[in-house]
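Working notes for the structure below.
The values are calculated or read from the model by the stated rules, or taken from the named source; none is laboratory data. Given the structure is predicted, the values throughout are model-derived calculations rather than measurements. Cβ placement follows ideal geometry from the backbone for every residue including glycine, while neighbour counts extend to all protein chains displayed.
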Amino acid sequence: MLEQMAAIREQPRVNEPIDRQTIAACQQGDRDALRLLFEAYKDRVYSIAIYSMGGDPAAAADVTQQVFVKLMTRISQFRGTSEFTTWLYRLVVNCCLDERRKQRRFVPLAEFGLTKTSGRQISPATSYARRELAGHVQMAIAELKPKLRWPILFKYVGGFSYEEIAAVLGCSKGTVASRLNRGHKALAKRLGYLRGQFEIGE
């Protein structure tokens with residue numbers, strides 16, 4: 001079941017598409033620069049948020065909005081001593097934690113596929129199976145303790161390296177490896193009942 005998670009990275013990796021000049025313009029309140037930054041990162045922020053929020057698109061949209069509102073008001077605090085994405089994803093972590101504290105309960109799952117179809121038609125049965133599997137995986141991830149959930153999200157949704165995860169979470173690479181291992185085991189236990197239930201093909 002865990003191997004299905006690798007398929008969620010259908011979007012290309014974001015490798016600092018925003019240069020320092022654009023960030024400096026954002027810090028000066030340039031609306032065009034802020035719009036460019038939003039377009040560059042909104043999909044990745046939303047993807048991480050929806051898994052953190054148990055698959056609820058409304059909550060993920062709220063988190064995404066909160067992240068960029070905070071970004072616009074706090075970007076002047078970015079000093080360039082770390083990668084911009086490291087600073088941004090710390091905002092994502094904090095906004096997701098704030099939103100979960102507000103909810104204090106899990107919300108009903110909405111449809112959110114693990115993969116895109118790459119232009120090929122798939123059968124209704126396959127589409128349904130993918131949505132069902134996505135829902136189970138989203139809920140299992142959302143139920144993990146935060147210290148296990150975030151390494152899983154950054155590795156499989158964000159496509160981050162161990163070094164990048166460690167930088168965002170403020171821990172060592174060894175701690176990241178340990179938490180990923182524990183997260184994998186926890187997810188395998190939670191999702192074990194689904195083994196063999198889903199046959200996903202084209």
Of everything in region 48-85, what is of a type outside the set (D, E, K, R) and outside any helix (DSSP H, G or I)? Give them in sequence order. M53, G54, G55, F78, G80, T81, S82
In region 154-165, is there at least one residue being of a type in the set (G, A, S), over 18 Å from D56 (Cα atoms) and at pLDDT 90 or above? no
State whether one or more residues within region 170-184 are surrounded by 20 or more Cβ atoms within 10 Å (Cβ to Cβ), within 19 Å of F84 (Cβ to Cβ), in contact (Cβ under 8 Å) with a residue 12 or more places away in the chain and small (G, A, S). no
Take the residues of region 42-69 that are among the aromatic types (F, W, Y) and modelled with pLDDT of 90 or more: which is farthest from F160 (Cα to Cα)? F68
For region 72-100, name all the residues that are crowded, with 23+ Cβ neighbours inside 10 Å and either in contact with a Lys or Arg (Cβ under 8 Å, 6 or more places away or on another chain) or free of Cβ contacts under 8 Å to residues at least 40 places away in the same chain (or both). C95
Which one of these does I48 not meet: (1) among the aliphatic types (A, V, I, L, M); (2) farther than 22 Å from L169 by Cα; (3) in contact with a Gly (Cβ under 8 Å, 6 or more places away or on another chain)? (2)
Here is a list: E39, E99. Which entry is in a helix (DSSP H, G or I) and at pLDDT 90 or above? E39
